[in-house]
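Engineer: To start, I am sharing the structure in question, which I have written as structure tokens.
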Amino acid sequence: MEFRLLGDLEVRVDGRCVELGHHRQRCVLAVLLVEAGRRVSIDQLLDRVWGHHPPRHGRDTLYSYLSRLRRMLEAVDGVRIARQSGGYVISVDPVTVDMHRFQRWVGAARTADDPHARHLLEQALALWRGDALANLDTPWLNTLREGLVQQRHAAELDLTDVHLRSGRHAELVPALTIRAARHPLDERLAGQLMLALYRSGQPAEALQHYQRIRLHLVEELGADPGPSLQDLHRRILTADPMTTPPASTPATPSGPPGIVPRQLPAPPARFTGRRAELGQLSRALDESGRPGGTVVISSIGGIGGIGKTWLALRWAHENIDRFPDGQLFANLRGFDPIEQPTSPATAVRGFLEALGVDPQGMPTDLDAQVGLYRSLVAGRRMLIVLDNVRDADQAAPLLPGSPTCTVVVTSRHQLAGMTAVNGTRPVALDALDDAEAHELLLHQLGADRLAAEPEAVAYLLACCAGLPLALAVLAARAVLSPQLPLAELAVELRDTTDRLDAWDSGDLRTNLRAVFTTSYLGLSTRASEVFGLLGLAPGPDVGLGAIAALTGLPPARVRGPLRELEGMSLIHQHSPGRWRMHDLVRLYAAEQAREDQPETARQAALRRLVDFHLHTAYAAERLLAPHRTPITLGDPAPGWWQGPPADHTAAWTWFADEHACLLATQHLAAKHNWHEAVWQLAWSLDTFHFRRGAIQDQFDDWLVGLEAARHLDDPEAQMLAHRVLGHACARLGRHGLAMDHFQQALTLAQRTGDLAAQAQIHQGLAMSWAQREDLRQALEHTTQALHRYRALDDPVRTADALNDMGWYASRLGLHTEGLAHCEAALALFRRHRHRDGEANTLDSLGYIAHHTGQYDQALSYYNEALRLLQEIGNAFDEANTLEHLGDVHATIGDQQQARSAWRQALRLYQTQNRAEDADRVQRRSPAV
């Protein structure tokens, strides 16, 4: 059993992590562990977990967290969370908590002799895996973390004193120099560095460092160094015998004597971001670098140009003090556009020469060379960086066998074999975010140049899509041509078919097309075909069903190529069953499709994809709105289709996952003049858009659909488009345009004699008039709709019209008449299991009950309506009902409940871009 606070909070049982729940629950456990064996009062727990903003039912929430933690830990021997006189205590052996173990060992070291002190301090510092409680954030824990940082720093200083007394001054200088730069005002650390420099034969450098810290102290604190540091300065000036170095006594076996290799290339000059990934690398070393551990191998993966080598070198230089016995570096050229991959034999011979082995006396057999290499690095604290690795076989001979060594591998390949065999810690690199990408350009081009052309800068950033190499190449071109406006560079990128030409730097190693080609050429024939087709797919990502349709392959046969592409970092499975591709890789993939596959094959693939989305969307829509009058689709193009979603929940999930792809597919269909698919996709998305409150998407979809229907000269499709556009415009507050669309729809419906369509359009006109507060006109149009539905003997639509009539009548103060209509509507909706209609009618009845003084009944109606709306995912009407619910609470004087309901309504209105509705709620209660 181990409780770990010196890094992310973790509880490990038999080496496995225990799931600890969400953030606040973990904070409760952290507070108890900090006070292990001591009672923590309820008030202290509330304060330390929530600070000055505890939840309304804070004690109840806290008790539930404690109860869950008890259940999580009840099977662990020797651990118990118990109630004790107004508080709680965790009964646990403090030695199982790394923070207490650290503090105990550091305290013991301060009274021990040097050999034992060194051992205790090294053990204590090895417990740290990163910032203490790094994944928790409360004011009290933040203060605790700062204190622990100071304790760690003090322990490091104690260990340095031990090493200085042991005569290890020379090897301490590099690490002390870096630490002194991080802590420029620390006089104790400055004294240690001065002493190490002086004892290493560098008295001038020691005196220079004294002057540096003296100036820092004067500038920052207005004070001179303290007496201790001044005394050391005087003794160095006078060559006092007290500063004479003691005899060197190595603390640990350092391996065979010889050259200490320093092969790392210079760190990247313009490195930006990647703090999370740097932290991952450090944690991998912290967690696996303890005595008896295994070799730490962190495998950094990502597409070409994503910055793998930059990250590896930045981390290596930031942590160079942790590898005093040297650093080895090999570029294995696994994906080099010019040279062949470096053989393991060549790489290991290079390492042996760097370690001081005479080439003449080097073994000729590769196995013997590898054995000698591993013998030379055994027991030494070294870093080995293997850059641009082709595959696990290329890297395997270069892996040391010593637990004291650390290996960092970069590769475009995921190196699954190394993960399985060597337990690598993979670090996946994604594109830089917008802020990091902007910062990279800022470093290169300067603030003035960026500020002069903000639009061009925004476009360049969008085209580079966060790929560091793409940003660096464009920045280099701009630097080399200082008079070139950035807008000119942006113009080069306008045409996506030849956009990659802008990144032709003249050097194949920084030419994006060449960089991607080295990965592409390593693919199998099937994987390269799938890769090209994926470049043609519209939308930000693509699901397995869409890939099957696009390629014409069943899912079982397409998974292999997908794994191959993912292994080469050309695609990324960002969620189960969904893959995405970097924008620039997508451009390259589309180029390859155009070069390798005939136009007829590409068109057939896109048609299969459009039909997959259309037919699946239609089937999903029928599950969401089974009472809606269906349309008729043609047969899909021949190919692989997985079939419709299983039920309502699956249909909603499918729409949510595919929404952006469906919009992009509709635009693709419009581009190819597949007009029928265009308006039918708009129809199939209609229910999802309305329930989600995505009215602008609904409007945009049907605007494209209307144009497609006009091309087809299809009056029924045109009538549908005008009717839905009228509804969308009315909901968006564009009342004049709404009336125009409704009138055009009504004209077409009257021309064709479509009574059902006429009734629906009259309902739309009623809604539009009601929004203009002309409720009598609304009632008139609803009456016309009701007559037509009754003539058609359509009970569900009749119920819909009855509810509308009840709503408008009650808005006019005719509550008795409104109640009769709504109760009749509710009965019909329930008989035909129409949950949308039932929920809307309950909302109407809630309004009537509210305005006739039946407040409890009103609350009951509204709460039941909310339950139904939330079950079916109708966020648009949910927002309205929440506002009405708040109105009732306000009427009966329950301001807290009113504000809560209005706050939820406001959040939905804002999400749905319903500005007028949001403003109305905020005017009711500015505190919302």
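The values are calculated or read from the model by the stated rules, or taken from the named source; none is laboratory data. Remember, predicted model here, so these are calculated numbers, not experimental data. Cβ atoms come from the backbone with ideal geometry, glycine included; neighbour counts cover every protein chain shown.
Engineer: So, restricting to helices (runs of 4 or more DSSP H) that lie completely within the stretch 823-928, which ones have at least 1 residues that are within 26 Å of R772 (Cβ to Cβ) and of a type in the set (F, W, Y)? Steps first, please.
Structural biologist: Numbers: elements: 835-851, 855-872, 875-891, 895-911, 915-924.
Once the helices (runs of 4 or more DSSP H) in the stretch 823-928 are filtered for at least 1 residues that are within 26 Å of R772 (Cβ to Cβ) and of a type in the set (F, W, Y), what remains is 835-851, 855-872, 875-891, 895-911.
Engineer: If you take the residues of the stretch 406-428 that are in contact with a Gly (Cβ under 9 Å, 6 or more places away or on another chain) and part of a loop (DSSP other than H, G, I, E, B), which of them is farthest from I306 (Cα to Cα)?
Structural biologist: Looking at residues that are in contact with a Gly (Cβ under 9 Å, 6 or more places away or on another chain) and part of a loop (DSSP other than H, G, I, E, B), I get L415.
Engineer: I've got another one for you. Just to be sure I understand, how many residues within the stretch 1-33 are farther than 19 Å from P54 by Cα and either outside the structural domain of L62 (by TED's automatic domain parsing) or not small (G, A, S) (or both)? Lay out the reasoning, then the answer.
Structural biologist: Our first condition is that a residue be farther than 19 Å from P54 by Cα; within the stretch 1-33, this holds for 1-20, 33.
Okay, now just the ones that are also either outside the structural domain of L62 (by TED's automatic domain parsing) or not small (G, A, S) (or both), so 1-6, 8-14, 16-20, 33.
Number satisfying all stated conditions: 19.
Engineer: Given the criterion in contact with an Asp or Glu (Cβ under 9 Å, 6 or more places away or on another chain) and assigned by TED's automatic domain parsing to the domain that holds L748, identify the matching residue among G643, G705, G726.
Structural biologist: When all the criteria are applied, what remains is G726.
Engineer: So which residues in the stretch 762-778 are under 16 Å from T798 (Cβ atoms) and touching a Phe, Trp or Tyr at 6+ places or on another chain (Cβ under 8 Å)? Talk me through it step by step, then tell me what you get.
Structural biologist: Of all residues in the stretch 762-778, those under 16 Å from T798 (Cβ atoms) come to 762-763, 766.
Of everything in the stretch 762-778, just one residue is under 16 Å from T798 (Cβ atoms) and touching a Phe, Trp or Tyr at 6+ places or on another chain (Cβ under 8 Å), namely A766.
Engineer: Give me the pairs, please: first residue somewhere in the stretch 821-843 and more than 18 Å from L786 (Cβ to Cβ), second residue anywhere and of a type in the set (S, T, N, Q) and not in a loop (DSSP other than H, G, I, E, B), beta-carbon distance under 6 Å, and either six or more positions apart or on two chains.
Structural biologist: D843/T881
Residues checked against (1) crowded, with 21+ Cβ neighbours inside 10 Å; (2) at pLDDT 85 or above:
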| site | (1), (2) |
| --- | --- |
| L372 | no, no |
| N388 | yes, yes |
| D391 | no, yes |
| P397 | no, yes |
| P400 | yes, yes |
| P403 | no, no |
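Engineer: Quick check: anything in the stretch 44-64 within 24 Å of E146 (Cβ to Cβ), at pLDDT below 90, assigned by TED's automatic domain parsing to the domain that holds L133 and part of a strand (DSSP E or B)?
Structural biologist: No, the stretch 44-64 contains no residue that is within 24 Å of E146 (Cβ to Cβ), at pLDDT below 90, assigned by TED's automatic domain parsing to the domain that holds L133 and part of a strand (DSSP E or B).
Engineer: Just one of (1) over 20 Å from L157 (Cα atoms); (2) buried (at least 16 other Cβ atoms within 10 Å of the Cβ); (3) of a type outside the set (K, R) trips up D240, so point out which.
Structural biologist: Among (1) over 20 Å from L157 (Cα atoms); (2) buried (at least 16 other Cβ atoms within 10 Å of the Cβ); (3) of a type outside the set (K, R), the lone unmet condition for D240 is (2).
Engineer: Hey, can you tell me all the residues within the stretch 93-130 that are part of a helix (DSSP H, G or I) and of a type in the set (K, R)?
Structural biologist: Within the stretch 93-130, the first condition is being part of a helix (DSSP H, G or I), and the residues that meet it are 94-96, 98-109, 114-126.
Answer for the stretch 93-130, where residues must be part of a helix (DSSP H, G or I) and of a type in the set (K, R): R101, R104, R118.
Engineer: Of the conditions (1) modelled with pLDDT of 95 or more; (2) more than 13 Å from T665 (Cα to Cα), V610 fails just one. Which one is it?
Structural biologist: Tallying (1) modelled with pLDDT of 95 or more; (2) more than 13 Å from T665 (Cα to Cα), V610 fails exactly one: (2).
Engineer: For the stretch 516-548, give me the residue count where each residue is more than 12 Å from E658 (Cβ to Cβ) and touching a Lys or Arg at 6+ places or on another chain (Cβ under 7 Å).
Structural biologist: Result for the stretch 516-548: 3.
Engineer: Looking at the stretch 598-617, I want the residues that are buried (at least 17 other Cβ atoms within 10 Å of the Cβ) and have a partner that is assigned to a helix (DSSP H, G or I) and of a type in the set (S, T, Y) with Cβ atoms under 6 Å, at least 6 apart or on another chain. Which pairs are those?
Structural biologist: V610/T665; H613/T665; A617/S684
Engineer: Additional query: So which residues in the stretch 824-839 are touching a Pro at 6+ places or on another chain (Cβ under 8 Å) and closer than 19 Å to L624 by Cβ?
Structural biologist: Listed by number, the list holds a single entry, H832.
Engineer: Given the residues R477, R513, R509, R499, which is the only one that is of a type outside the set (V, I, T), under 30 Å from D336 (Cβ atoms) and in contact with a Phe, Trp or Tyr (Cβ under 7 Å, 6 or more places away or on another chain)? Give the derivation first.
Structural biologist: Values: R477 fails: in contact with a Phe, Trp or Tyr (Cβ under 7 Å, 6 or more places away or on another chain); R509 fails: in contact with a Phe, Trp or Tyr (Cβ under 7 Å, 6 or more places away or on another chain); R499 fails: in contact with a Phe, Trp or Tyr (Cβ under 7 Å, 6 or more places away or on another chain).
None of the others qualify; the one that does is R513.
Engineer: State yes or no: is G560 surrounded by fewer than 22 Cβ atoms within 10 Å (Cβ to Cβ) and either within 26 Å of the chain's Cα centre (by Cα) or touching a residue at least 12 places away in the same chain (Cβ under 8 Å) (or both)?
Structural biologist: Numbers: surrounded by fewer than 22 Cβ atoms within 10 Å (Cβ to Cβ): yes; either within 26 Å of the chain's Cα centre (by Cα) or touching a residue at least 12 places away in the same chain (Cβ under 8 Å) (or both): yes.
Yes; evaluated as a whole, the condition is true for this residue.
Engineer: Which condition breaks for A30 when tested against (1) under 19 Å from V92 (Cβ atoms); (2) under 28 Å from the mean Cα position of the chain (by Cα); (3) not in a helix (DSSP H, G or I)?
Structural biologist: A30 satisfies all of (1) under 19 Å from V92 (Cβ atoms); (2) under 28 Å from the mean Cα position of the chain (by Cα); (3) not in a helix (DSSP H, G or I) except (3).
Engineer: Continuing with the same structure: Does P576 satisfy the criteria of being closer than 13 Å to D541 by Cβ, surrounded by fewer than 18 Cβ atoms within 10 Å (Cβ to Cβ) and not β-branched (V, I, T)? Break it down stepwise before answering.
Structural biologist: Details: closer than 13 Å to D541 by Cβ: yes; surrounded by fewer than 18 Cβ atoms within 10 Å (Cβ to Cβ): yes; not β-branched (V, I, T): yes.
Against the criterion (closer than 13 Å to D541 by Cβ, surrounded by fewer than 18 Cβ atoms within 10 Å (Cβ to Cβ) and not β-branched (V, I, T)), P576 qualifies.
Engineer: Condition check: within 21 Å of A809 (Cβ to Cβ), in contact with a Phe, Trp or Tyr (Cβ under 6 Å, 6 or more places away or on another chain) and crowded, with 22+ Cβ neighbours inside 10 Å. Does L885 satisfy that? First the steps, then the outcome.
Structural biologist: Numbers: within 21 Å of A809 (Cβ to Cβ): no; in contact with a Phe, Trp or Tyr (Cβ under 6 Å, 6 or more places away or on another chain): yes; crowded, with 22+ Cβ neighbours inside 10 Å: yes.
For L885, the condition - within 21 Å of A809 (Cβ to Cβ), in contact with a Phe, Trp or Tyr (Cβ under 6 Å, 6 or more places away or on another chain) and crowded, with 22+ Cβ neighbours inside 10 Å - is not met.
Engineer: Further, regarding this structure: Give the residues of the stretch 335-383 that are charged (D, E, K, R) and either part of a loop (DSSP other than H, G, I, E, B) or in contact with a strand residue (DSSP E or B) (Cβ under 8 Å, 6 or more places away or on another chain) (or both), sorted by residue number.
Structural biologist: So the first thing to find is which residues in the stretch 335-383 are charged (D, E, K, R), and the list is 336, 339, 349, 353, 358, 365, 367, 374, 380-381.
Selection gives D336, E339, D358, D365, R380, R381.
Engineer: While we're looking at this one, here's another question. Kindly provide the set of residues from the stretch 867-880 that are among the aliphatic types (A, V, I, L, M) and surrounded by fewer than 23 Cβ atoms within 10 Å (Cβ to Cβ), ordered by number. Spell out the reasoning first.
Structural biologist: First, the residues of the stretch 867-880 that are among the aliphatic types (A, V, I, L, M): 868-869, 872, 875, 879.
Passing the criteria: L868, I872, A875.
Engineer: Still on this structure: Checking G846 against (1) surrounded by 16 or more Cβ atoms within 10 Å (Cβ to Cβ); (2) free of Cβ contacts under 8 Å to residues at least 40 places away in the same chain, only one condition comes out false. Which one?
Structural biologist: Condition (2) is where G846 drops out.
Engineer: A further question follows. Checking Q642 against (1) part of a loop (DSSP other than H, G, I, E, B); (2) surrounded by 13 or more Cβ atoms within 10 Å (Cβ to Cβ); (3) at pLDDT 90 or above: exactly one of these is not met. Which one?
Structural biologist: (3)
Engineer: A456 versus (1) small (G, A, S); (2) in a helix (DSSP H, G or I); (3) crowded, with 17+ Cβ neighbours inside 10 Å; (4) assigned by TED's automatic domain parsing to the domain that holds Y373: which is the lone unmet condition?
Structural biologist: Checking A456 against (1) small (G, A, S); (2) in a helix (DSSP H, G or I); (3) crowded, with 17+ Cβ neighbours inside 10 Å; (4) assigned by TED's automatic domain parsing to the domain that holds Y373, the one that fails is (4).
Engineer: Could you please tell me which pairs satisfy a Cβ distance under 8 Å, a separation of 6+ or placement on different chains, a first residue in the stretch 627-642 that is more than 30 Å from A757 (Cα to Cα), and a second residue that is part of a loop (DSSP other than H, G, I, E, B)?
Structural biologist: G639/G552; W640/G552; W640/L553; W640/P554
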